[in-house]
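> Pasting a structure below so you can have a look.
The values are calculated or read from the model by the stated rules, or taken from the named source; none is laboratory data. The structure presented is a predicted model; accordingly, all values stated were derived computationally and were not measured. Please note: Cβ atoms are built from the backbone with ideal geometry, for glycine as well, and neighbour counts cover all protein chains shown. Heads up: the accessible areas ignore ligands, DNA and RNA and are worked out on the full protein's heavy atoms, side chains in. Shrake-Rupley method; radii C 1.70, N 1.55, O 1.52, S 1.80 Å.
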Amino acid sequence: MKTILVVGGAGFIGTNLCKKLIKENRVICVDNFYTGKKSNIETIDSDNFEVIEHDIINPLKIDEEIDEIYNLASPASPPHYQKKPIETIKTNVYGMINLLELANEKDAKILQSSTSEVYGEPHQHPQKETYWGNVNPNGIRSCYDEGKRCAESACFSFNREYGTKIKVIRIFNTYGPYMDSADGRVVTNFIIQSLKNQDITVYGDGNQTRSFCYVDDLVDGLVKMMNTKDDFIGPVNLGNPNEFTILELAQKIIKKTNTNSKIKYCPLPSDDPTQRRPDISIAKNKLKWSPKIMLDEGLDKTIEYYKSLQY
Ligand code: NAD
Ligand code: UDP
């Protein structure tokens, strides 16, 4: 049985990952509960599951041996990271370095959850891992985008200088159960608004695109990446390459929830990327991974989850 640290384990992806890993491993969830919820991980009932409340901006000491570290710690929704931009930078940069030092000390593998945001407003479509991106270094998204870019740089620097066993994954928009209903990301917002018969807030004209991956697929990809040989370090895109406009997403959710809600057009936040779609050739070839759950099925499952919470 391996001992695995899931940092940011009480958040949306973290909870889904802990639930998968606990079936065969000892899992230690580390979280400061900024956006993660104790109620998420309280659903995990196992003697092999432990929770440590800790902010990774500060160094983390663990007494026992650790085999693997998944770093998921960072607010991921634009409203949450923009509310605390300095903490977001510190979490992504200091936090990453603290975890890389821990990985070195324990001789553990460490997987970083980077993001499609490293591509910024992309001039290449779909986005391949070789694309260096087009990021505004001082815009309202930069605390997150540049924080994640610096975290990738820290991973590769530790690998070059110390031989640290790194794995870098770039996650594209992922949705599903255990995302906080007040998270602010688009799928959750539209579902909650529909279930409450409130206006559906489309930012801009709704013609911007995203490619939505169901969380079970994503978590499978993370575990597959962790299990690759030490010399395969990434970066690797993980996401569903089917691309939709935000307006198409709104219309699908309106139909599926049979709501009376109407679309309300709101101002587009600055630096909101126009288009986003992953090229997943590397994930297909090296991880033998591709998403299995398409948007219609994933939305049905996610709507059922929020209905079960009485929305
Ligand atoms: P989330 O906000 O639900 O989870 C993040 C978790 O990290 C929360 O539990 C939060 O409390 C914790 N955290 C934040 N700062 C911390 C700190 N300083 N110390 C300890 N814990 C801290 O977001 P998520 O969607 O689950 O995202 C998880 C990771 O995946 C993030 O790093 C995010 O950048 C990355 N990612 C997610 C997506 C997506 O679509 N969901 C896309 C790209 C990248
Ligand atoms: N969006 C929207 N209404 C909302 C929330 C988001 O129209 O209530 C838009 C947002 O402007 C962006 C897209 O949906 O174009 C995805 O937003 P999200 O915050 O989910 O993720 P990200 O922008 O980081 O890809």
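> Count, please, the residues in segment 27-45 that happen to be open to solvent by less than 10 Å² (accessible area, probe 1.4 Å) and away from ligand 1 (no atom under 11 Å from the Cβ).
The total comes to 2.
> Further question: Which residues, taken from segment 248-281, are of a type in the set (Gly, Ala, Ser), out of contact with any Ser or Thr (no Cβ under 6 Å at 6 or more places or on another chain) and surrounded by 16 or more Cβ atoms within 10 Å (Cβ to Cβ)? Before the answer, list the steps.
At the first step, the residues of segment 248-281 found to be of a type in the set (Gly, Ala, Ser) are 250, 261, 270, 281.
Subsequent filtering for residues that are out of contact with any Ser or Thr (no Cβ under 6 Å at 6 or more places or on another chain) retains 250, 270, 281.
Ala250, the sole residue that qualifies.
> Let me ask another. Among the residues of segment 102-124, which ones are open to solvent by 10 Å² or more (accessible area, probe 1.4 Å) and part of a loop (DSSP other than H, G, I, E, B)?
Scanning segment 102-124 gives Asp107, Glu121, His123, Gln124.
> I've got another one for you. Do the conditions hold for Asp230, that is, is it closer than 18 Å to Ser113 by Cα and either more than 14 Å from ligand 2 (Cβ to nearest atom) or in contact (Cβ under 8 Å) with a residue 24 or more places away in the chain (or both)?
On the way: closer than 18 Å to Ser113 by Cα: yes; either more than 14 Å from ligand 2 (Cβ to nearest atom) or in contact (Cβ under 8 Å) with a residue 24 or more places away in the chain (or both): yes.
Against the criterion (closer than 18 Å to Ser113 by Cα and either more than 14 Å from ligand 2 (Cβ to nearest atom) or in contact (Cβ under 8 Å) with a residue 24 or more places away in the chain (or both)), Asp230 qualifies.
> Restricting the first residue to segment 123-140 and requiring it to be without any contact (Cβ under 8 Å) to a residue 24 or more places away in the chain, which pairs with a second residue that is surrounded by 15 or more Cβ atoms within 10 Å (Cβ to Cβ) and β-branched (Val, Ile, Thr) meet a Cβ separation below 6 Å and a spacing of at least six or different chains?
These pairs meet every condition: Gly133/Val118.
> If you don't mind, another one. Got at least one residue in segment 12-26 being without any contact (Cβ under 8 Å) to a residue 40 or more places away in the chain and exposed (fewer than 14 other Cβ atoms within 10 Å of the Cβ)?
Yes, that holds for at least one residue.
> Can you pull out every residue in segment 113-170 that is within 16 Å of ligand 2 (Cβ to nearest atom), within 26 Å of Gly9 (Cα to Cα) and of a type in the set (D, E, K, R)?
Residues satisfying the conditions are Glu117, Arg141, Asp145, Glu146, Lys148, Arg149, Arg170.
> Any idea which residue in segment 177-192 is farthest from ligand 1 (Cβ to nearest atom), counting only those that are open to solvent by 20 Å² or more (accessible area, probe 1.4 Å) and outside any loop (DSSP other than H, G, I, E, B)?
Asn189
> Output the residues belonging to segment 58-94 that are under 16 Å from Val30 (Cβ atoms), open to solvent by less than 30 Å² (accessible area, probe 1.4 Å) and either within 16 Å of ligand 2 (Cβ to nearest atom) or without any contact (Cβ under 8 Å) to a residue 60 or more places away in the chain (or both).
Leu60, Ile62, Leu72, Ser74, Pro75, Thr91, Asn92
> Of the residues Ile57, Ile86, Ile52, only one is at pLDDT 95 or above, within 13 Å of ligand 1 (Cβ to nearest atom), farther than 24 Å from Thr188 by Cβ and in a strand (DSSP E or B); which?
On the way: Ile57 fails: in a strand (DSSP E or B); Ile86 fails: in a strand (DSSP E or B).
Exactly one residue qualifies, and that residue is Ile52.
> I've got another one for you. Considering (1) polar (S, T, N, Q); (2) closer than 13 Å to Tyr144 by Cβ; (3) in a loop (DSSP other than H, G, I, E, B), say which one Thr91 fails and leave the rest.
Among (1) polar (S, T, N, Q); (2) closer than 13 Å to Tyr144 by Cβ; (3) in a loop (DSSP other than H, G, I, E, B), the lone unmet condition for Thr91 is (3).
> Which of the numbered conditions does Gln251 fail, given that it passes all the others? Conditions: (1) more than 16 Å from ligand 2 (Cβ to nearest atom); (2) free of Cβ contacts under 8 Å to residues at least 60 places away in the same chain; (3) not small (Gly, Ala, Ser).
The failed condition is (1).
> While we're here: Considering (1) part of a helix (DSSP H, G or I); (2) surrounded by fewer than 21 Cβ atoms within 10 Å (Cβ to Cβ), say which one Trp132 fails and leave the rest.
(1)
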